[in-house]
Amino acid sequence: MRTGDTPHRPQPGHDGDLTDEATYQRVRAAQAPAGQALSRRGMLRLSAGAGLGAALGAAAVPRPAFADTAPATGIVKPLPPELFIPQGTNAEMRWEAMRGQGHLTPVDRFFVRNHIATPRIDARTWRLKLWGTGLHGAPPEERPVEFSYEDLLGMRAETITSFIECTGNARSFYTSQQGQQVSGTAWKLGAVGVARWRGVPLSAVLERAGLTPEAVDILPRGLDADFVDKGENLGRVRRPLPVAKALKDVLLAYEMNGAPLPPDHGFPVRLVVPSWVGVANIKWVGDIQVADEPLFSPWNTRYYRFFGPGYPPEGSAPLTRMNVKSAFELPWDAPLPARPQVLHGRSWSGTGRVKKVEVSVDGGRTWRHARLRDRHADARGWVRWEFPWRPDGPGGHELLARATDDTGASQPATAPYNTLGYLFGAVVRHPVTVS
Ligand SMILES: Nc1nc2c(c(=O)[nH]1)N[C@H]1C(S)=C(S)[C@@H](COP(=O)(O)O)O[C@H]1N2
Ligand SMILES: [Mo]
């Protein structure tokens with residue numbers, strides 16, 4: 001199941017270029033996990049993948065200690081209520097916490113999405129292990145190519161500014177705006193943040209480990225505990241990534257906003273996969289399988305695909321890029337004064353550079369352009385914008401913002417339904433009360 005003869009230098013539209021959406025859909029749709037049949041419910045059976053994770057947990061990678069982990073959420077950093085909305089093992093950023101901030105989201109308010117809990121890892125004994133058929137000599141799991149934390153710090157570093165956003169960000173609006181039932185964390189718009197990430201290009205580590213031209217997929221895996229879904233152990237959090245994307249702009253990041261990666265965001269090292277679905281950004285990475293055939297895990301088969309009417313039983317192709325979104329830097333149901341004022345917000349897109357933001361203060365009947373800042377910032381971050389507003393009177397109002405990127409992608413009035421509530425990209429109606 002080779003997908004191309006030159007995966008290292010893919011051409012757009014070529015089968016090797018799995019960073020191209022159309023190609024990805026075409027190639028991935030034709031592939032299924034080897035030896036795995038569809039169950040009666042049409043879901044992929046993943047017992048093989050879970051077994052692999054469980055076996056590795058015991059054999060290859062020492063378990064991190066869980067001391068210091070706050071029992072309630074499993075999150076280490078403080079979660080003051082003025083900055084965060086609790087969401088089980090996760091913490092959502094309140095958008096009003098971005099008001100007056102610079103381009104970056106400070107770590108103290110950056111959202112946390114943990115499947116389980118933040119592990120405490122000792123960087124002195126931590127090793128990144130690479131193994132698999134996509135490396136020269138096909139090093140087995142038991143004798144992987146290893147990198148220490150010091151090894152990575154000694155390699156050529158790169159810095160990028162990029163958002164990380166949960167695929168389910170804004171999921172709650174499927175229900176509150178569209179009346180649809182979806183499963184998953186009921187995020188509003190705060191499962192997103194922009195940081196400056198510094199680290200080693202994944203391409204450099206792959207080359208040093210002996211990447212072969214036949215390699216097509218990598219599978220980075222976290223050192224947090226096994227994920228158990230309704231009694232079923234799915235193993236460690238891990239999600240396949242095409243080698244083509246891995247070589248393009250992915251970082252093994254050890255710094256966030258100029259300081260060592262905090263425990264909750266992946267210390268000692270995490271992947272940063274610009275523009276892609278949040279789950280691709282594996283935290284606390286312990287090992288990376290590199291394979292000369294497509295790889296599968298629950299995180300690209302039973303999750304992070306579109307399911308529901310209009311999709312095949314096994315779902316769409318695995319989701320790759322995030323979509324276009326906008327948020328006001330205001331609390332939900334914000335009390336606002338009945339005088340002229342300036343509204344602030346931010347827009348971002350995984351498919352291109354945000355070129356235009358329009359705001360409507362009359363429920364979507366009329367739209368006016370917002371004034372953009374950050375026009376020259378990294379397209380993988382976001383743009384801040386401002387919109388002068390003179391409320392027409394006291395009472396409830398709905399504020400709407402819609403962005404368009406340079407590919408023409410924009411925000412529709414409604415988002416196409418999918419059962420797991422991914423990629424809500426419609427315009428959000430933000431209620432405020434003027435008095
Ligand atoms: N090992 C590991 N990596 C992980 C996760 C996790 O639970 N475990 N969550 C993923 C998901 S779903 C998201 S959205 C991002 C969130 O990154 P953050 O917590 O730094 O904001 O991390 C991803 N990486
Ligand atoms: Mo996520």
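The values are calculated or read from the model by the stated rules, or taken from the named source; none is laboratory data. What you see is a predicted model, and the numbers here were worked out from it, not measured in a lab. Note that we place each Cβ from the backbone using ideal geometry, even for glycine, and neighbour counts take in every protein chain shown. To get the accessible areas, we keep the full protein, side chains included, count just its heavy atoms, and leave off ligands, DNA and RNA. Shrake-Rupley method; radii C 1.70, N 1.55, O 1.52, S 1.80 Å.
Would you point out which residue out of Glu255, Glu232 is more than 16 Å from ligand 2 (Cβ to nearest atom) and out of contact with any strand residue (DSSP E or B) (no Cβ under 8 Å at 6 or more places or on another chain)?
One residue alone meets the criteria, Glu232.
Residues Ser162, Ser148, Ser203, Ser176: which one is in the same structural domain as Arg270 (by TED's automatic domain parsing) and closer than 19 Å to Thr414 by Cβ?
On inspection, the qualifying residue turns out to be Ser176.
For Gly258, indicate whether it is touching a helix residue (DSSP H, G or I) at 6+ places or on another chain (Cβ under 6 Å), touching a residue at least 40 places away in the same chain (Cβ under 8 Å) and not β-branched (Val, Ile, Thr).
It is false that Gly258 is touching a helix residue (DSSP H, G or I) at 6+ places or on another chain (Cβ under 6 Å), touching a residue at least 40 places away in the same chain (Cβ under 8 Å) and not β-branched (Val, Ile, Thr).
Just checking, how many residues over region 85-132 are within 16 Å of ligand 2 (Cβ to nearest atom), among the polar types (S, T, N, Q) and open to solvent by 20 Å² or more (accessible area, probe 1.4 Å)?
2
Pairs needed: first member in region 160-177, at positive phi; second member anywhere, more than 15 Å from ligand 1 (Cβ to nearest atom); C-beta distance under 9 Å; at least 6 residues apart or different chains.
Short answer, once both residue conditions are applied: Ala170/Ala327; Ala170/Ala415; Ala170/Gly425; Ala170/Ala426; Ala170/Val428.
Does region 139-161 include one or more residues that are within 16 Å of ligand 1 (Cβ to nearest atom), open to solvent by 50 Å² or more (accessible area, probe 1.4 Å), among the hydroxyl-bearing types (Ser, Thr, Tyr) and closer than 30 Å to Leu420 by Cα?
So far as region 139-161 goes, no, none of its residues is within 16 Å of ligand 1 (Cβ to nearest atom), open to solvent by 50 Å² or more (accessible area, probe 1.4 Å), among the hydroxyl-bearing types (Ser, Thr, Tyr) and closer than 30 Å to Leu420 by Cα.
Each row is one residue, and each column tells you yes or no for (1) in contact with a helix residue (DSSP H, G or I) (Cβ under 6 Å, 6 or more places away or on another chain); (2) open to solvent by less than 10 Å² (accessible area, probe 1.4 Å); (3) within 12 Å of ligand 1 (Cβ to nearest atom).
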site	(1), (2), (3)
Asp217	no, yes, no
Arg239	yes, yes, yes
Pro242	no, yes, no
Asp249	no, no, no
Val269	no, yes, yes
Val279	yes, no, yes
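Restrict the check to region 206-214 and report whether at least one residue is in contact (Cβ under 8 Å) with a residue 60 or more places away in the chain and within 15 Å of ligand 2 (Cβ to nearest atom).
No, that holds for no residue.
Assuming Asn233 fulfils every condition listed in (1) open to solvent by less than 10 Å² (accessible area, probe 1.4 Å); (2) touching a helix residue (DSSP H, G or I) at 6+ places or on another chain (Cβ under 6 Å); (3) among the polar types (S, T, N, Q) apart from one, which condition is it?
(1)
How many residues are within 16 Å of ligand 2 (Cβ to nearest atom) and not in a strand (DSSP E or B) if we restrict to region 141-170?
Of the residues in that region, 5 qualify.
So that you can scan it fast, the table gives a plain yes or no per residue for (1) buried (at least 16 other Cβ atoms within 10 Å of the Cβ); (2) over 23 Å from the mean Cα position of the chain (by Cα):
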position	(1), (2)
Thr320	yes, no
Val342	no, yes
Glu358	yes, yes
Asp362	no, yes
Ala370	yes, yes
Arg380	yes, no
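When the residues of region 269-301 are filtered to those that are more than 15 Å from the chain's Cα centre (by Cα) and part of a loop (DSSP other than H, G, I, E, B), which remaining residue is nearest to ligand 2 (Cβ to nearest atom)?
Ser297
Can you tell me which of (1) open to solvent by less than 20 Å² (accessible area, probe 1.4 Å); (2) within 16 Å of ligand 2 (Cβ to nearest atom); (3) more than 19 Å from Phe267 (Cβ to Cβ) is the one Ala195 doesn't meet?
(3)
Hey, can you tell me all the residues within region 383-435 that are crowded, with 17+ Cβ neighbours inside 10 Å and more than 24 Å from the chain's Cα centre (by Cα)?
Passing the criteria: Phe387, Trp389, Pro391, His397, Leu399, Leu400, Val432, Val434.
Of all residues being open to solvent by 10 Å² or more (accessible area, probe 1.4 Å) and within 16 Å of ligand 1 (Cβ to nearest atom) in region 162-175, which is farthest from the chain's Cα centre (by Cα)? Just the residue, please.
Ser172
Checking the structure you have, find out if any residue of region 324-333 is surrounded by 23 or more Cβ atoms within 10 Å (Cβ to Cβ), modelled with pLDDT of 95 or more, part of a loop (DSSP other than H, G, I, E, B) and not assigned by TED's automatic domain parsing to the domain that holds Arg208.
no
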